[in-house]
Amino acid sequence: MTFTLLKAIDEYKNDPESVYQTWFINNNDRLKAFRTIKNAIKVVIKEIENNTFPCDFKGSSLEVAISAIAEQKQIFEGAAHAFYWKPKLRIPDIYENEDNKKAFGQFLKETLLYNQEKQLIYNIRKLQEKNIKGLGPAVGNILYFLHPTIFPPFNTSIVKGFNMIFKQKIKLGSWEDYLTMREIMMEYNNNHNLVLSKDLGALAGLLYEIGSGRQVIQENHTLLLQDIDKVNKKLKKRHEEIQKELAEENEHTEMQYYLAKIGTTLGYNVWIAKNDHKREWKGYKLGNFSIPHLNLETISSAVSETISFIDVLWLNGENKVIGAFEVEKSTSIYSGILRLQDLSMSFNNDKSRFYLIAPNKRKKEIKAQLLRPSFQHDSMCKISYILFSDLREDCEAMCKFGVNISVLDKISN
């Protein structure tokens, strides 16, 4: 088994279209997601404690949190299904049953509070004892984004891949099986700590690729041959998704270039997301527009690290953030909103402006998301949006006639 797995890991890490290459490493969206999801879970906890959590998944703060998870590439596709309110079955029973709702909220709160593995497992055991109908280890996907070195993601393909590789019979809906899977994965990681990563997302991604049939090994080749047409359709779909993502990355870089050019022309210091400094648009390297280091006074190092992944920042001579820009692609609009809200609460500067830069086809979605009740509180910052086409077409004019950030008023909504 060890040889088989080591060989599979080598193929997995070197496949340019694998989950490892397209999601786990060198992915700003993934890095941003951890803080976004953590803050979204805090809202869920607060609403449950204040008795303002609704009796349905749709439109709830939990939908925001789980949708932010589901958008994290192929491995988390379908993560929201387990949390949809199914009224005929009355599951998962955390919407109508107040005791179960409170227990779920307390579990999430304690999971955020503690970092020790022993205490976190104890919290799972307490939730398990409640025997909440329909609330199973799909919660593991939440746990992963809160404690990625302690809990793995959990879905059908991951379980299939795990059973093939580790010769187990893990079942999808069992907390006991989830904890067993977790222990075996952590043991493997500890024994082979130079192969993948302490972050269990790397190993889970491999199991997902094997379980979904995208990566062929001795243990799954017979099953794949029996349904080769279905496998080929999956491979074609993944390839098309990767090509689409590459096109979106190019457009994302293009928008960062325009924002950097305008900000520099207006006299602001520009910061480009730290992992994007080497990106180029038509021969222009984004890092050449950016200040080399982001030093924000009165901001903790942890928060500053998160802010450093914001797509573009404009700063004045006093090193105050004047404009913050998140460029959206196929990812969820409200994840971008959450990141900007989080940024606004990280420092006290009423002169800061916050913008979503988004494709034209998502205009209606942006307007709908910004009108969500959870984004209408007085404590929330005002967010404007700019469409790709307007930024692209008016960049030169704004550089020529603009005086300060107010030039964006002409194209923002």
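The values are calculated or read from the model by the stated rules, or taken from the named source; none is laboratory data. Keep in mind that what you see is a predicted model, and the values were worked out from it rather than measured. Here the Cβ positions follow ideal geometry from the backbone for every residue, glycine too, while neighbour counts run over all protein chains shown. With ligands, DNA and RNA removed, areas are computed over all heavy atoms of the protein, side chains included. Shrake-Rupley method; radii C 1.70, N 1.55, O 1.52, S 1.80 Å.
Say we look at segment 47-76 and pick out the residues that are part of a helix (DSSP H, G or I) and farther than 18 Å from residue 145 by Cβ; which of these is most open to solvent (accessible area, probe 1.4 Å)? Full working, then the answer.
Taking segment 47-76 first, the residues part of a helix (DSSP H, G or I) are 47-49, 61-70, 74-76.
With farther than 18 Å from residue 145 by Cβ added as a condition, the list becomes 47-49.
Numbers: 47: 37, 48: 5, 49: 89 Å².
For segment 47-76, the residue satisfying everything is 49.
Could you please give the count of residues in segment 1-42 that are surrounded by fewer than 18 Cβ atoms within 10 Å (Cβ to Cβ), under 21 Å from the mean Cα position of the chain (by Cα) and either hydrophobic (A, V, I, L, M, F, W, C) or outside any helix (DSSP H, G or I) (or both)?
Residues flagged as surrounded by fewer than 18 Cβ atoms within 10 Å (Cβ to Cβ), under 21 Å from the mean Cα position of the chain (by Cα) and either hydrophobic (A, V, I, L, M, F, W, C) or outside any helix (DSSP H, G or I) (or both) within segment 1-42 amount to 7.
How many of the residues making up segment 45-67 are farther than 11 Å from residue 141 by Cβ and either in contact (Cβ under 8 Å) with a residue 40 or more places away in the chain or in contact with a Leu (Cβ under 9 Å, 6 or more places away or on another chain) (or both)?
Initial filter on segment 45-67 (farther than 11 Å from residue 141 by Cβ): 45-64, 67.
Next, only the ones that are either in contact (Cβ under 8 Å) with a residue 40 or more places away in the chain or in contact with a Leu (Cβ under 9 Å, 6 or more places away or on another chain) (or both) stay: 45, 47-49, 53-55, 59, 61, 64, 67.
Matching residues across segment 45-67 total 11.
May I ask you to verify whether residue 144 is over 26 Å from the mean Cα position of the chain (by Cα) and at pLDDT 95 or above? Full working, then the answer.
Details: over 26 Å from the mean Cα position of the chain (by Cα): no; at pLDDT 95 or above: yes.
It is false that residue 144 is over 26 Å from the mean Cα position of the chain (by Cα) and at pLDDT 95 or above.
Against the definition (over 21 Å from residue 10 (Cβ atoms) and either part of a helix (DSSP H, G or I) or open to solvent by 30 Å² or more (accessible area, probe 1.4 Å) (or both)), how does residue 163 come out, yes or no? Steps first, please.
Values: over 21 Å from residue 10 (Cβ atoms): yes; either part of a helix (DSSP H, G or I) or open to solvent by 30 Å² or more (accessible area, probe 1.4 Å) (or both): yes.
Yes, satisfied.
Against the condition part of a helix (DSSP H, G or I), without any contact (Cβ under 8 Å) to a residue 12 or more places away in the chain and farther than 23 Å from residue 12 by Cα, how does residue 128 come out, does it pass?
Working: part of a helix (DSSP H, G or I): yes; without any contact (Cβ under 8 Å) to a residue 12 or more places away in the chain: no; farther than 23 Å from residue 12 by Cα: yes.
Against the criterion (part of a helix (DSSP H, G or I), without any contact (Cβ under 8 Å) to a residue 12 or more places away in the chain and farther than 23 Å from residue 12 by Cα), residue 128 does not qualify.
Look at segment 84-128 and say how many of its residues are basic (Lys, Arg) and within 25 Å of the chain's Cα centre (by Cα). Lay out the reasoning, then the answer.
Narrowing segment 84-128 to residues basic (Lys, Arg): 86, 88, 90, 101-102, 109, 118, 125-126.
Filter once more, so that each one left must be within 25 Å of the chain's Cα centre (by Cα): 101, 109.
Qualifying residue count, segment 84-128: 2.
Condition first: more than 15 Å from residue 5 (Cβ to Cβ), of a type in the set (D, E, K, R) and without any contact (Cβ under 8 Å) to a residue 24 or more places away in the chain. Now tell me which residues in segment 177-204 satisfy that.
Hit for segment 177-204 is 183, nothing else.
Return the pairs, sorted by first residue and then second, in which the second residue is buried (at least 18 other Cβ atoms within 10 Å of the Cβ) and at pLDDT 75 or above, the first residue lies in segment 359-370 and is among the hydrophobic types (A, V, I, L, M, F, W, C), the beta carbons are less than 8 Å apart, and the residues are 6+ apart or on different chains.
The qualifying pairs are 366/356; 366/358; 366/385; 370/337; 370/383; 370/385.
So, residue 410, is that one open to solvent by 30 Å² or more (accessible area, probe 1.4 Å), at pLDDT below 90 and under 18 Å from residue 261 (Cα atoms) or not?
On the way: open to solvent by 30 Å² or more (accessible area, probe 1.4 Å): yes; at pLDDT below 90: yes; under 18 Å from residue 261 (Cα atoms): yes.
Taking the combined requirement at face value, the residue satisfies it.
Can you pull out the residues in segment 147-157 that are part of a helix (DSSP H, G or I) and either modelled with pLDDT of 95 or more or surrounded by fewer than 18 Cβ atoms within 10 Å (Cβ to Cβ) (or both)?
Step one: list which residues in segment 147-157 are part of a helix (DSSP H, G or I), which gives 156-157.
Correct list: 156 only.
Could we say that residue 134 is of a type outside the set (D, E, K, R) and either more than 23 Å from residue 36 (Cα to Cα) or touching a residue at least 60 places away in the same chain (Cβ under 8 Å) (or both) here?
Working: of a type outside the set (D, E, K, R): yes; either more than 23 Å from residue 36 (Cα to Cα) or touching a residue at least 60 places away in the same chain (Cβ under 8 Å) (or both): yes.
In short, yes.
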